[in-house]
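> Let me give you the structure first, and then I'll get to my questions.
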Amino acid sequence: MARDRSAALAAAALLALGGAAGCGPSKSAAKPAAAPQPAGPATPTAPSSPASPPAPTAAALQARLLTLADMPAGFVADEDTDDANGVMSATEPDCRPMTDLMNSQGHPAGALASAEASFTRSQFGPNIATGLAGFATSEAAQKLLDSVTEAMRSCTKLTETDKDGSSYDFLVAQLPFPQTGDASGAIRIVADVDDLPAQVDLVLVRVGSTLLYVADTGFGTTDPDLTEQVVARAVAKVKDPAAARSKPTPEPATSSDATPSAAHGAAQAWAGGDPVSSGD
């Protein structure tokens with residue numbers, strides 16, 4: 001069914017900022033504790049440096065994540081929790097940062113906390129998946145964004161392989177998109193799914209030490225104005241959690257308006273703003 005294949009398409013938008021395929025957050029080996037050293041002569045106490053901002057937490061990110069009240073009219077929360085994610089791969093070596101990100105299960109390497117949400121208008125789209133990943137410093141967030149945006153410029157094709165062994169090819173192209181936040185990048189991913197044209201417009205943004213992603217997925221073509229509107233609201237809310245919009249008057253419902261898609265389980269990603277402060 002188209003609904004099932006929409007999950008495959010949305011998987012291409014994972015931007016669940018990355019670790020190795022299927023491994024979730026990357027883990028580094030613990031360093032052995034240093035051996036205690038003999039106490040030396042007392043030295044004058046140096047002036048204390050300013051306190052570091054608190055480490056990002058899932059709760060802090062959640063407060064800065066888009067909610068249904070922030071979305072344009074006609075959307076409903078997509079609460080499908082099925083794990084529809086396949087494994088993303090590419091024959092081009094330069095694509096590795098992208099495939100690592102897409103296979104990170106929503107928690108990129110180096111992120112200290114993450115949060116995500118998904119919204120839909122119908123089973124044919126648009127489906128909006130968005131997420132935040134908080135890093136210790138803006139430099140750490142920028143380093144990951146740099147590696148992924150560099151891959152975005154060189155990658156032309158991705159392949160998603162489902163758990164049942166089925167595979168789908170996705171063509172990758174640059175997406176002209178207004179610069180936003182402290183740094184950003186965007187791509188368009190297209191494919192034929194069950195003989196239907198499908199498309200994902202994916203935007204990554206850094207705001208301070210937070211990475212934000214917005215993935216606009218649908219069959220046919222996506223609406224660039226909708227993507228820009230959602231990204232603008234997402235960036236504003238990362239900077240200021242009080243920037244939530246009141247939900248507009250809903251558009252008249254259709255038979256498919258309240259049908260959640262499978263995008264929530266598949267489309268995840270990152271790039272955005274400092275969950276504790278909007279800059280350094």
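> Using a 10 Å cut-off on Cβ atoms, rank the peptides 98-105, 121-128, 173-180, 133-140 from the highest mean neighbour count down.
Per-residue Cβ counts within 10 Å, averaged per peptide and sorted highest first, yield 98-105, 121-128, 133-140, 173-180.
> Using label points projected 7 Å from each Cα along Cα→Cβ, tell me how many nm separate LEU196 and ALA69, to one decimal.
With each label placed 7 Å out from Cα toward Cβ, I get 3.3 nm.
> Further question: Taking 30 Å as R0, compute the FRET efficiency from the Cβ-Cβ separation of ALA59 and THR91 and round it to 0.05.
Efficiency, rounded to the nearest 0.05: 0.15.
> I want to make sure I understand the PRE zone here: with the label point 7 angstrom from the Cα of THR156 toward its beta carbon, which residues in region 89-108 have backbone N atoms less than 12 Å away?
Residues 92 fall inside that zone.
Only the coordinates and a few stated rules stand behind these numbers; no lab work does. Everything numeric here is computed off the predicted structure, so don't read it as measured data. So basically every Cβ, Gly included, is an ideal-geometry build from the backbone, and we count neighbours across all protein chains shown.
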